[in-house]
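Structure first, then comments.
The values are calculated or read from the model by the stated rules, or taken from the named source; none is laboratory data. Note that the coordinates shown come from a computational prediction; the quantities given were computed from them, not determined experimentally. Counting neighbours? That spans all protein chains shown, and the Cβs are built from the backbone with ideal geometry, glycine included.
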Amino acid sequence: MKQKIMIVDDEPKILRLVSANLRSQNYDVLTYTNGYEMLEDYDCIMPDLVLLDILMPEIDGFEVLEALRSFTNVPIIMLSACHDAADKVTALDLGSDDYMTKPFTLDELYARIRAVLRRTGNQSQPTVINTSKKIKNLEIDFQKRRIFVDGNETDVSNTEYKLFAYLSSNQGKVITHEELLTQIWGPEYRNDIDYLRVTIARLRQKLRKSNGENKIEYIVTYPGVGYMID
C-alpha cells in the first residue's frame, strides 16, 4: 500500500513540482493551498506524513502545526523560505519532526521524508533484554512502547519515546549528542543538535507534568557532551 502524504503550500508551482516528484517515488499525494482545508480533510485521509509550509495566508504553518499536534502524532516536516534559526526552534518546539529551508533539492527532500518515516515508525527500536524497566517512580514498557509515571501513562511522541528508551537502555552511561542524533534521527542529523535539545526539553516538561508536585529529574545533562539517565 502506498504511503500517503498531505502537502500544504500556498505556492501552486511548488505544489505541482513537489507532488509530481513524490508521486514518481510511489507516494500517494494530496495537495492543499490552505491549512483550514487540510485540517478538515485530515480525518478522512489519515496521512503517513505532512509537508507544511510556514508562511501562508489565513492560517500560518505554526498554527496548523499546533492544531495537528492537539490530536495526532503524524510526522510533520515544516517548509520555509526563512533561514532564521528561531523559526526552526519554534517549529521543533511545537512538535514538528523536521524543518527544511527553501530552496531544497528533491534528493534532499526524499532523504528527509525517508528518515522521518523511518524514525517515527516501529523500526530502530533499542535492543533490550527486559520487556520493561523501572527508573525511580517511572516505568518504561519496551514491548508496548509506553512510559508510565506512578502507574499513569505519559503521552509522548514516537521520537520522544525512542530517545528515552535509548537512554534508558544505557542507564548510567553518558551518551554523546552525536550518538543520540545518529541513533534516533539518523546519520544525516548527527550535527543538528537543535533537534536533540528541543526533544529533551519536551520530554522533561512532560515527565515533570506527570510527576505533579514531585520534583524528580530523570535525564542528566552533561554540557557540551551529551545526556544520561541516572
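Does region 210-229 contain at least one residue that is within 25 Å of residue 74 (Cα to Cα) and either assigned by TED's automatic domain parsing to the domain that holds residue 94 or among the charged types (D, E, K, R) (or both)? No, region 210-229 has no match at all. Comparison of 86, 111, 81 shows that the only residue that is in contact (Cβ under 8 Å) with a residue 60 or more places away in the chain, more than 19 Å from residue 206 (Cα to Cα) and not aromatic (Phe, Trp, Tyr) is 111.
Of the strands (runs of 3 or more DSSP E) that lie entirely inside region 1-77, those containing 1 or more residues that are farther than 15 Å from residue 96 by Cβ span 4-8, 28-32.
Okay, residues lined up against (1) surrounded by fewer than 18 Cβ atoms within 10 Å (Cβ to Cβ); (2) within 22 Å of residue 196 (Cβ to Cβ); (3) modelled with pLDDT of 95 or more; (4) not assigned by TED's automatic domain parsing to the domain that holds residue 186:
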| position | (1), (2), (3), (4) |
| --- | --- |
| 25 | yes, no, no, yes |
| 41 | yes, no, yes, yes |
| 48 | no, no, yes, yes |
| 58 | yes, no, no, yes |
| 63 | yes, no, yes, yes |
| 72 | yes, no, no, yes |
| 83 | yes, yes, no, yes |
| 105 | yes, no, no, yes |
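Screening 54, 5 for residues that are closer than 22 Å to residue 120 by Cβ, touching a Ser or Thr at 6+ places or on another chain (Cβ under 6 Å) and hydrophobic (A, V, I, L, M, F, W, C) leaves exactly one candidate, 54.
Hey, can you tell me all the residues within region 107-128 that are among the basic types (Lys, Arg) and either at pLDDT below 85 or part of a loop (DSSP other than H, G, I, E, B) (or both)? Matches in region 107-128: 119 only. Scanning region 155-196 for residues that are of a type in the set (Lys, Arg) and in a loop (DSSP other than H, G, I, E, B) yields 173, 190.
The set of residues in region 172-189 being within 17 Å of residue 112 (Cα to Cα) and not aliphatic (A, V, I, L, M) consists of 182, 183, 185, 186, 187, 188, 189. Of the residues 182, 159, 176, the single one that is closer than 17 Å to residue 194 by Cβ and in contact (Cβ under 8 Å) with a residue 60 or more places away in the chain is 159. Of the listed requirements (1) in a loop (DSSP other than H, G, I, E, B); (2) within 30 Å of residue 108 (Cβ to Cβ); (3) polar (S, T, N, Q), residue 214 misses just one: (2).
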